[in-house]
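Trainee: Below you will find the structure I want to go over with you.
The values are calculated or read from the model by the stated rules, or taken from the named source; none is laboratory data. Only a predicted model underlies this, so the values are computations on that prediction, with no experimental measurement involved. Here Cβ is always computed from backbone atoms with ideal geometry, including for glycine, and neighbour counts include all displayed protein chains. In case anyone asks, the SASA skips ligands and DNA or RNA and just uses the protein heavy atoms, side chains included. Shrake-Rupley method; radii C 1.70, N 1.55, O 1.52, S 1.80 Å.
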Amino acid sequence: MSVGRAPGKLILCGEHAVVYGHPAIAIAVGLFTEVEVTPCRRVEAEGDDRLREALSALAPQGGRFSIRSELPMGAGMGSSASLAVAAVRALGSALTLEEELEQAMRAERVFHGSPSGLDAAVIARGGALRFQRGAPPAMTPLPPPSWTGVVLDTGVPGDTRAMVAQVARGAHGPLLAEIGSIADAIGDHLDNIGLLGPLLTHNHALLRALGVSTPHLDHLVGEALALGATGAKLCGAGGGGVALALHPDPAALRDALRARGHRAMLVRPPQERQ
Ligand code: PMV
């Protein structure tokens, strides 16, 4: 039996825009997926056909997979890319980062069609990352922030494929470019929640204008801001999933949000690569 482990992620700026070649900033977060694999002639895993198809793309020789994840599924925290990287790590030995990423993308393509690669890249590398799609993508590691964030979970899974297709149907070029244009300011202020917060809130407004937010996500963002968050935004494809809020006293914000009936948890970037 061999075991692989990988973190989750949050996109601080650039979801959707990254699909069109604009820069994005994402961080790995310390909630993990663990995959155990034992030899088997076919691919066996508890889950749906798409999961087995994705695992088959990684393990054509077969394998019995057992998966444990601390990440909410389909919530914009990278559950599928985390699973893909953890499975590659369980299957492979001594892969370079590029090989790990290239293999994880095989599974990501089964899950999402034509993903930008941002999720798998930040999850495989850990830390914080500026990412721009291309052949090859441009990736710049950034110092990971030291803050603890508050993740608010709508409890409603979002459908990344459907949200990406919805954005593609609109004429959103200027909005997507505007999202891309704040990525570098976000990257420059990663560790300063006073400066970073308002940029995240602005990014949320742009995602809302793009049509990927929901009344529930807007409500959660509004509640966090009313409780003194320096900023908040939805993270990931939208249509459900999670929002991130920053606050000088994250535990106090989490408790206040829970007292109002919301699902809130603390998240931190892992301090070392996993
Ligand atoms: O899988 P999610 O919900 O974290 O969204 C991924 C980010 C998108 O930009 C919407 C899609 C992509 O391929 O980058």
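Trainee: Any idea how far the Cα center of region 218-274 sits from the one of region 1-65, in Å?
Mentor: Measuring centre to centre over Cα atoms gives 24 Å.
Trainee: From the helices alone, meaning DSSP H stretches of at least four residues, give me the mean residue ellipticity at 222 nm for the chain, per-run term -39500 (n - 2.57), in deg cm²/dmol to the nearest 500. Mind showing how you got there, number by number?
Mentor: Working: 9 runs with 113 residues, N = 274.
Result for the chain, helices only: -13000 deg cm²/dmol.
Trainee: On a 0 to 90 degree scale, rounded to 10, what angle separates helix 49-58 from the longest Cα axis of the chain?
Mentor: Rounded to the nearest ten degrees, it is 70.
Trainee: Say we join alpha carbon atoms closer than 10 Å with springs in a Gaussian network model of the chain; which of 15, 108, 36 then has the biggest fluctuation?
Mentor: Maximum fluctuation in the GNM of the chain, among the listed residues, is at 36.
Trainee: Next up: Would you work out the relative contact order for the chain, in percent, from Cα pairs under 8 angstrom that are 6 or more residues apart?
Mentor: Values: 642 pairs, mean separation 65.5, N = 274.
This gives 24 percent for the chain.
Trainee: Still on this model: Ignoring ligands, DNA and RNA, what accessible area per residue does the chain give at 1.4 Å, in Å²?
Mentor: Values: 11360 Å² over 274 residues.
In whole numbers, the chain has 41 Å² accessible per residue.
Trainee: Taking the Cα-to-Cβ direction at residue 226 and at residue 251 and moving 7 Å from each Cα, how far apart do the two end points lie in nm?
Mentor: In this crude label model, residue 226 to residue 251 measures out at 2.6 nm.
Trainee: Taking the Cα atoms of region 126-274, report the difference between the largest and smallest coordinate on each principal axis, in whole Å and largest first.
Mentor: Extents along the principal axes: 44, 34, 28 Å.
Trainee: Between beta-carbons, use under 15 Å as the cut-off and find the net charge around residue 16, counting Lys and Arg +1, Asp and Glu -1.
Mentor: On the way: positive: 133, 161, 169, 208, 233; negative: 15, 119, 159, 178.
Here the charged neighbours net out to +1.
Trainee: Report the gain in length on full extension from residue 258 to residue 49: 0.36 nm times residue separation, minus Cα-Cα distance, nm rounded to one decimal. Don't skip to the end; give the middle numbers.
Mentor: Working: separation 209, 0.36 × 209 = 75.24 nm, distance 3.55 nm.
Gain in length upon complete extension: 71.7 nm.
Trainee: Long-range amide H contacts for residue 74: which residues qualify at under 5 Å (H placed 1.01 Å from N, peptide plane, sequence gap of 5 or more or a different chain)?
Mentor: Those lying under 5 Å, H to H, from residue 74 are 79, 80.
Trainee: Okay, moving on. Angle check, please: helix 160-169 long axis (alpha carbons) against the longest principal axis of the chain (alpha carbons), in degrees 0 to 90, nearest 10.
Mentor: Roughly 60 degrees, rounded to the nearest 10.
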